[in-house]
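Worksheet: the structure to be examined is printed underneath.
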Amino acid sequence: MEVDADVRAYDALLGHPRVADLVAMSRAWMTAAAETRRTERQQERMAQMATELRVGRDDAATAFGNALDVLERGPEDDAERALACALAAHVVAMHPPRDDDDDRAANEVLWLATHTPFDATGLLDRALGDGASKLWDAFADRIRRIDRGTLPTLGRGEALVAAVALASSRAKGASRHAAALASEVRDPKLSHVLGARAGAEPVEPLVGQMTPAPRGPVATALLALTGILLVVQAARLLGRLVLAYKKPAELTLSDDGGVRVRWRVELLGRTLRDRDVLVPRASLQRATREVRYPRLALYAGLLALALGSYVGVSAFVDGVRAASPSLLGSGLVIVALGLALDFALSSIAPGARGRCRLLLVPKEGAKLCLGDVDSRLADAVLARLARP
């Protein structure tokens with residue numbers, strides 16, 4: 001796609017005296033093709049519309065060719081192809097998708113871009129400005145669904161066109177989608193197209209809070225059974241709410257692929273300590289982020305065990321009339337409360353807000369874990385780190 005030529009053709013049409021009529025004809029052509037999923041020429045219909053609108057051949061002349069020729073027979077050279085793209089973009093600009101119509105609009109735009117010369121994808125930012133963000137969201141959603149095989153109405157060709165459009169856009173929303181999808185999709189060609197942009201664009205700093213590295217299932221179970229988990233989480237919650245204890249952190253990527261993490265320890269609004277750690281690319285063993293609601297099965301199982309044990313032991317003790325059933329029951333309640341509080345603070349609350357934890361494991365030294373970070377930005381960081 002010659003984006004520069006497309007932009008010049010789009011701008012040339014802005015000052016054209018019959019642009020509204022040419023856009024009306026283009027919209028009729030595009031609508032008919034999208035609805036029937038057929039790409040036959042529409043010479044008779046376009047000629048009839050030109051007569052009705054009183055658009056002569058001279059009226060349709062542009063610096064990139066004659067718009068009537070493009071609509072009747074299709075483009076024959078690069079200039080006319082740029083004109084077709086510009087006409088399609090003007091159709092989108094004059095008839096933007098409604099708030100509840102983004103999915104249908106994305107479907108039609110992608111089908112037309114894949115199967116016809118009327119490709120508006122490279123000019124969406126110019127045609128819609130900030131309003132293009134909803135179409136970028138719809139494009140990203142369709143790439144995911146096509147990659148998973150859950151969208152039968154569109155195919156791999158549309159997904160590749162959408163990927164090229166996202167990777168070519170300069171909009172922040174499109175860049176974030178491209179970076180996230182580059183490390184998410186299974187199709188290697190889609191990943192390559194999306195990753196080309198992710199590797200070329202600077203990644204925004206990742207802002208969050210320094211947190212302890214995620215524990216394994218054995219450690220979590222032992223801490224819960226001993227009651228330490230409840231004490232630790234209650235102390236952290238108290239420190240956060242009463243003492244304003246925080247560890248704000250920022251992660252940035254250096255030009256050589258290294259990772260730099262800066263954070264500070266704050267208490268009652270005062271900075272107690274500053275830290276600055278640089279992990280060279282060669283020294284980074286692993287970088288990963290948690291999925292939404294991590295270790296859900298583990299916590300659910302342990303909670304069920306604790307609550308089931310409480311009910312079962314209470315019934316058993318009542319049956320044999322032991323000396324102190326309440327003591328054992330209280331211990332199991334402590335286990336359940338510790339697990340519930342730990343899961344709520346580490347998984348449910350961040351996951352519900354689209355946040356996650358990013359874990360960096362260097363070959364030497366302690367693990368670095370940033371919590372409460374934006375999931376899409378974390379994916380962008382991981383996509384950059386995954387590239388050679």
Any chance residue 163 is open to solvent by less than 60 Å² (accessible area, probe 1.4 Å) and free of Cβ contacts under 8 Å to residues at least 60 places away in the same chain:
yes
How many residues of the stretch 53-65 are loosely packed, with under 14 Cβ neighbours inside 10 Å and within 22 Å of residue 8 (Cα to Cα)? The answer is 3
Going through the stretch 140-159 in order, the residues found to be surrounded by fewer than 18 Cβ atoms within 10 Å (Cβ to Cβ) and of a type in the set (A, V, I, L, M, F, W, C) are 151
Counting only residues that are open to solvent by less than 50 Å² (accessible area, probe 1.4 Å), assigned to a helix (DSSP H, G or I), modelled with pLDDT of 75 or more and of a type in the set (D, E, K, R), the stretch 333-378 contains a total of 0
Across the stretch 1-29, the tally of residues that are open to solvent by 20 Å² or more (accessible area, probe 1.4 Å), within 31 Å of the chain's Cα centre (by Cα) and within 14 Å of residue 67 (Cα to Cα) stands at 1
Exactly one of 119, 99 is among the acidic types (Asp, Glu) and either open to solvent by less than 20 Å² (accessible area, probe 1.4 Å) or without any contact (Cβ under 8 Å) to a residue 60 or more places away in the chain (or both), and that residue is 99
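One line per residue, one yes/no per condition, for (1) at pLDDT below 90; (2) part of a helix (DSSP H, G or I); (3) within 26 Å of residue 105 (Cα to Cα):
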{"site": "21", "(1), (2), (3)": "no, yes, yes"}
{"site": "27", "(1), (2), (3)": "no, yes, yes"}
{"site": "38", "(1), (2), (3)": "yes, no, yes"}
{"site": "45", "(1), (2), (3)": "yes, yes, yes"}
{"site": "55", "(1), (2), (3)": "no, no, no"}
{"site": "59", "(1), (2), (3)": "no, yes, no"}
{"site": "81", "(1), (2), (3)": "no, yes, yes"}
Within the stretch 122-139, of all residues that are in contact with a His (Cβ under 8 Å, 6 or more places away or on another chain) and surrounded by fewer than 24 Cβ atoms within 10 Å (Cβ to Cβ), the one farthest from residue 174 (Cα to Cα) is 127
Out of (1) at pLDDT 90 or above; (2) open to solvent by less than 40 Å² (accessible area, probe 1.4 Å); (3) in a helix (DSSP H, G or I); (4) not hydroxyl-bearing (Ser, Thr, Tyr), the one residue 173 does not meet is (1)
Quiz prompt | Residue in the stretch 33-52 that is more than 29 Å from residue 146 (Cβ to Cβ), crowded, with 18+ Cβ neighbours inside 10 Å and within 36 Å of the chain's Cα centre (by Cα) present | solution = no
Checked against (1) assigned to a helix (DSSP H, G or I); (2) touching a Lys or Arg at 6+ places or on another chain (Cβ under 7 Å); (3) open to solvent by 30 Å² or more (accessible area, probe 1.4 Å), residue 68 satisfies every condition except (3)
When the stretch 238-288 is checked residue by residue, the ones that are of a type in the set (A, V, I, L, M, F, W, C), open to solvent by 50 Å² or more (accessible area, probe 1.4 Å) and without any contact (Cβ under 8 Å) to a residue 24 or more places away in the chain are 238, 241, 242, 272, 282
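The values are calculated or read from the model by the stated rules, or taken from the named source; none is laboratory data. Everything numeric in this text was worked out from a predicted model, so none of it was measured. Note: ideal-geometry Cβ built from the backbone for every residue, glycine included; neighbour counts use all protein chains shown. Side chains included, ligands, DNA and RNA excluded: accessible areas come from the protein's heavy atoms. Shrake-Rupley method; radii C 1.70, N 1.55, O 1.52, S 1.80 Å.
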